[in-house]
Each structure stands twice: as C-alpha cells, then as structure tokens.
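Right, one structure below, let's go through it.
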Amino acid sequence: MEKVILTGDRPTGKLHIGHYVGSLRRRVELQNSGEYDEIFIMIADAQALTDNADNPEKIRQNVIEVALDYLAAGIDPEKTHIFIQSAVPELTELSFYYMNLVSVQRLQRNPTVKTELEMRKFEGGTPTGFFCYPISQAADITLFKATTVPVGEDQKPMLEQTNEIVRRFNHIYGNVLIEPKILLPENQACMRLPGTDGKAKMSKSLGNCIYLSDSAKELKKKVNSMFTDPQHLTIDSPGHLEGNTVFIYLDAFCKNEDFAKFLPDYNNLDEMKAHYCRGGLGDGTCKKFLLNVLNDRLEPIRERRHEWEQRIPEVVEILRKGTEAARQRGIKTLNEVRHAMRIDYFDDPDFVKEQTEKYKV
C-alpha cells in the first residue's frame with residue numbers, strides 16, 4: 001500500500017508559529033524523509049468560506065499568503081503537491097455522499113465543532129457548511145487515500161470521525177477507502193501552542209499570534225508583551241512554569257545548542273527552569289533569550305519568503321500544477337467510489353445489459 005500524506009490550512013490569514021510547530025515543521029521533515037510516495041498539502045479555501053461567506057476577498061487574498069508561507073517554511077513543490085481545495089470539485093461530490101453516512105447528532109457531539117462554534121458565536125444560526133466541516137475534512141483525507149495526516153492535537157476528533165465514515169462506507173459498499181492515522185507533534189509543547197497573551201489557543205481572530213512572516217521588530221514587540229508569571233513580582237521571587245507562555249514557547253523551540261549561542265550561563269533548558277523556579281532569574285532575561293531563539297528559527301523563513309514574493313507568477317504556476325495532480329488522484333478515487341456505490345451508470349458496461357434483461361418479455 002502506498003504511503004500518502006494529506007494535510008492543509010485555511011487561508012484566513014498568514015500562518016503563525018502555532019501552525020509551524022503544530023504541523024508545518026513536521027511536514028517539511030516528512031517531505032524530506034523520502035518515506036512517502038505522495039504528499040498533498042491543501043489550501044482549504046472552500047472550508048474557509050464556511051464562516052467567511054460574506055467576505056470572499058479575504059480568502060482570495062490569503063491563498064497566496066499561505067502558499068508563500070509554505071514555500072518559505074521549506075515545502076518543496078518538486079516533492080509535494082500544493083493545491084487549492086475549491087479547484088478540486090471531486091471533493092465536493094465525495095462530501096455529498098458522506099453526508100448520508102453521518103447523523104446530525106454525531107456532528108453535534110464532535111468536540112472540535114463544539115469548541116469552534118463556541119468561539120465564533122454565529123449570529124443568526126450556524127452555517128450548514130461550517131456544521132458539516134468534519135464531513136468535508138473526511139472527504140479531503142480519503143479522496144487522496146491518505147495514510148498519514150500530520151496535525152495538531154485539536155484535530156484528533158476530526159480524524160476519529162473520518163475513520164468512522166471510512167468504516168461505515170466500507171461496511172456498506174466494500175473496501176474502497178483507507179483509514180488514515182494521525183501524526184501528532186512529538187514535543188508535547190507543540191501540540192497546542194498558546195497565544196502570546198496566555199490564552200489556550202493561538203488564533204488570528206484573537207490577535208495573539210506570532211506570524212512566520214513577522215519582522216524582527218514586530219517579533220520583539222510581541223515577545224516583550226508576552227504573558228509570564230503574575231506572581232513573579234521581582235527577580236528574586238520564585239517563578240512558576242505552569243501557564244508561563246515564555247517557557248512553553250521555549251519548550252517548543254529551544255535546543256541545547258541555543259544556550260552556547262545566546263545564554264551560556266546554562267547548559268540546557270532544565271537548568272534555566274530550575275533557576276527561574278528558585279528565584280534569581282528575571283522575566284526580561286527569559287524573554288530576551290526566547291527572542292534570540294525565535295529570530296534564529298524565523299530569519300531563514302523570512303528570507304525565503306521575501307525571495308518568493310518576487311516570483312508570484314511562479315507561485316501561481318506551482319498551485320496550478322499541484323491542483324492538477326490533486327484532481328488526477330481525486331478522479332481515480334471517485335471513480336472507485338461511484339463504482340462501489342453502483343452509480344457509475346455510463347462507465348459500467350453491464351448497466352445496459354442488466355436493464356435490457358430486466359424488461360425482456
């Protein structure tokens with residue numbers, strides 16, 4: 001069986017470092033591992049429209065922003081197909097078939113849907129497209145027969161629902177679809193990076209993001225304003241790590257070699273944490289170290305992004321080719337789905353024979 005990866009992002013804004021440590025960094029590693037037969041990364045513009053239907057221009061403008069972030073982070077179009085979701089109509093058709101396999105009650109129980117609905121607080125009712133987001137995502141994954149889906153922890157309920165749909169489809173129609181496996185970040189801190197304000201989730205809508213494209217000046221401003229420990233009133237006071245955003249970010253980004261470069265008083269993060277907890281280490285020193293670490297990681301990404309910004313026609317061509325490759329893969333799977341569901345009337349030579357025999361006198 002082929003090893004295939006499918007993952008993606010909604011183009012509602014530039015990508016932030018939560019996306020990077022949650023899955024984007026891992027995607028680059030997997031892409032370069034040579035272990036996978038095909039890799040598809042989707043710019044999920046159709047899904048983004050489910051809660052931005054009144055602002056399509058926002059989605060249109062951010063398609064290229066997300067593509068630039070992918071390329072800047074190290075996604076290689078020679079190894080990975082980057083495609084636009086709305087330009088693959090087979091996804092819409094497959095979603096329609098899956099709607100018959102999932103109850104409204106099951107969608108209402110999906111923890112990710114519940115969380116997103118609470119956060120958005122739609123006026124005038126929930127858009128049906130947004131409510132059916134798990135079904136659409138199941139189609140995204142299964143159309144390409146993805147075996148691996150690298151995502152953040154908050155997407156686990158979506159993968160569980162995808163596998164429920166796969167099992168139900170295969171039980172009714174035969175073994176056509178493949179159950180994907182989730183691939184979570186190895187570092188616990190990367191599973192769900194909090195916002196700079198200490199809120200549980202880094203979110204564009206909450207304005208608590210550090211973007212991959214942020215300048216060094218913007219990054220410094222955001223790091224200096226980060227939430228730490230409200231009880232750490234003086235340098236000599238014992239500090240607390242729980243809920244301390246600076247140390248959560250260091251868990252996600254810091255390497256031992258960073259100390260030799262930027263803070264030689266310590267050999268590793270454990271030593272730094274111990275000093276902070278017993279007192280004697282100020283938040284300013286911690287933030288300065290984090291700033292150096294983040295700049296070290298983000299500067300190559302900034303430079304590559306600037307280079308790609310000068311080659312926009314080439315970026316669009318990459319998306320066109322990636323989308324064509326995605327369509328070819330999708331058409332093949334959808335033909336198998338239609339055949340299993342007995343709705344491939346014009347492609348099945350036995351259909352005319354069956355109907356002719358049925359009406360013979």
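The values are calculated or read from the model by the stated rules, or taken from the named source; none is laboratory data. Note that this is a predicted model, so its numbers are computed, not measured. Virtual Cβ from ideal backbone geometry, glycine too; neighbours counted across all protein chains shown. The area values use the complete protein model at the heavy-atom level, side chains included, leaving out ligands, DNA and RNA. Shrake-Rupley method; radii C 1.70, N 1.55, O 1.52, S 1.80 Å.
Listed here are the residues, each with its yes/no results for (1) over 15 Å from LEU294 (Cβ atoms); (2) touching a Phe, Trp or Tyr at 6+ places or on another chain (Cβ under 9 Å).
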| site | (1), (2) |
| --- | --- |
| SER237 | yes, no |
| GLU242 | yes, no |
| PHE247 | no, yes |
| LEU250 | no, yes |
| ASP258 | no, yes |
| LEU263 | no, yes |
| ASN267 | yes, yes |
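Has the range 325-347 got at least one residue that is assigned to a helix (DSSP H, G or I), surrounded by 13 or more Cβ atoms within 10 Å (Cβ to Cβ) and touching a Gly at 6+ places or on another chain (Cβ under 6 Å)?
yes
If the Cβ limit is 6 Å and pairs must be 6+ apart or interchain, which residue in the range 231-244 that is more than 16 Å from GLY284 (Cβ to Cβ) pairs with which residue that is in a loop (DSSP other than H, G, I, E, B) and open to solvent by less than 30 Å² (accessible area, probe 1.4 Å)? Sorted first by the residue in the range 231-244, then by its partner, the pairs are PRO238/GLY279; HIS240/ASP229. Comparison of ASP265, ASP270 shows that the only residue that is open to solvent by 20 Å² or more (accessible area, probe 1.4 Å), more than 29 Å from HIS306 (Cα to Cα), in a helix (DSSP H, G or I) and without any contact (Cβ under 8 Å) to a residue 12 or more places away in the chain is ASP270. Residues that are under 25 Å from PRO300 (Cβ atoms), at pLDDT below 80, of a type in the set (A, V, I, L, M, F, W, C) and part of a loop (DSSP other than H, G, I, E, B) within the range 186-218 comprise just one, MET191. Cβ separations smaller than 7 Å between residues 6+ apart or across chains give the following pairs from the range 212-227 residues that are in contact (Cβ under 8 Å) with a residue 60 or more places away in the chain to residues that are hydroxyl-bearing (Ser, Thr, Tyr) and part of a helix (DSSP H, G or I): LEU212/TYR20; MET226/THR245.
Condition test on ILE75, is it open to solvent by less than 30 Å² (accessible area, probe 1.4 Å) and not in a helix (DSSP H, G or I)? Step through it out loud before you land on a result.
Working: open to solvent by less than 30 Å² (accessible area, probe 1.4 Å): yes; not in a helix (DSSP H, G or I): yes.
For ILE75, the condition - open to solvent by less than 30 Å² (accessible area, probe 1.4 Å) and not in a helix (DSSP H, G or I) - is met.
From THR228, THR234, THR285, grab the single residue that is at pLDDT 95 or above, hydroxyl-bearing (Ser, Thr, Tyr) and more than 21 Å from LEU24 (Cα to Cα).
Numbers: THR228 fails: at pLDDT 95 or above; THR234 fails: at pLDDT 95 or above.
Within the list THR228, THR234, THR285, the selection yields THR285.
From the list TYR97, TYR70, which one is in contact (Cβ under 8 Å) with a residue 60 or more places away in the chain and assigned to a helix (DSSP H, G or I)? Quick ask: steps written out before the conclusion?
Numbers: TYR70 fails: in contact (Cβ under 8 Å) with a residue 60 or more places away in the chain.
Just one listed residue meets the conditions, TYR97.
Pairs linking a residue in the range 157-179 that is outside any helix (DSSP H, G or I) to a residue that is open to solvent by 30 Å² or more (accessible area, probe 1.4 Å) and at pLDDT below 95, with Cβ atoms under 9 Å and 6 or more positions apart or on different chains, are ILE178/MET1.
Looking across the range 319-348, the residues that are in contact with a helix residue (DSSP H, G or I) (Cβ under 7 Å, 6 or more places away or on another chain) and hydrophobic (A, V, I, L, M, F, W, C) come down to LEU319, ILE331, LEU334, VAL337, ALA340, MET341. For the range 172-183, does any single residue satisfy the condition of being in contact with a helix residue (DSSP H, G or I) (Cβ under 9 Å, 6 or more places away or on another chain), open to solvent by less than 40 Å² (accessible area, probe 1.4 Å) and on the phi > 0 side of the Ramachandran plot? Checking the range 172-183: at least one residue is in contact with a helix residue (DSSP H, G or I) (Cβ under 9 Å, 6 or more places away or on another chain), open to solvent by less than 40 Å² (accessible area, probe 1.4 Å) and on the phi > 0 side of the Ramachandran plot. Cβ separations smaller than 6 Å between residues 6+ apart or across chains give the following pairs from the range 333-356 residues that are closer than 28 Å to VAL88 by Cα to residues that are open to solvent by 50 Å² or more (accessible area, probe 1.4 Å) and part of a helix (DSSP H, G or I): ALA340/TYR173; MET341/TYR173; ASP344/ARG338; TYR345/PHE351. Restricting the range 5-59 to residues that are of a type in the set (Phe, Trp, Tyr) and open to solvent by 10 Å² or more (accessible area, probe 1.4 Å) leaves a set whose member that is farthest from ASP154 (Cα to Cα) is TYR36.
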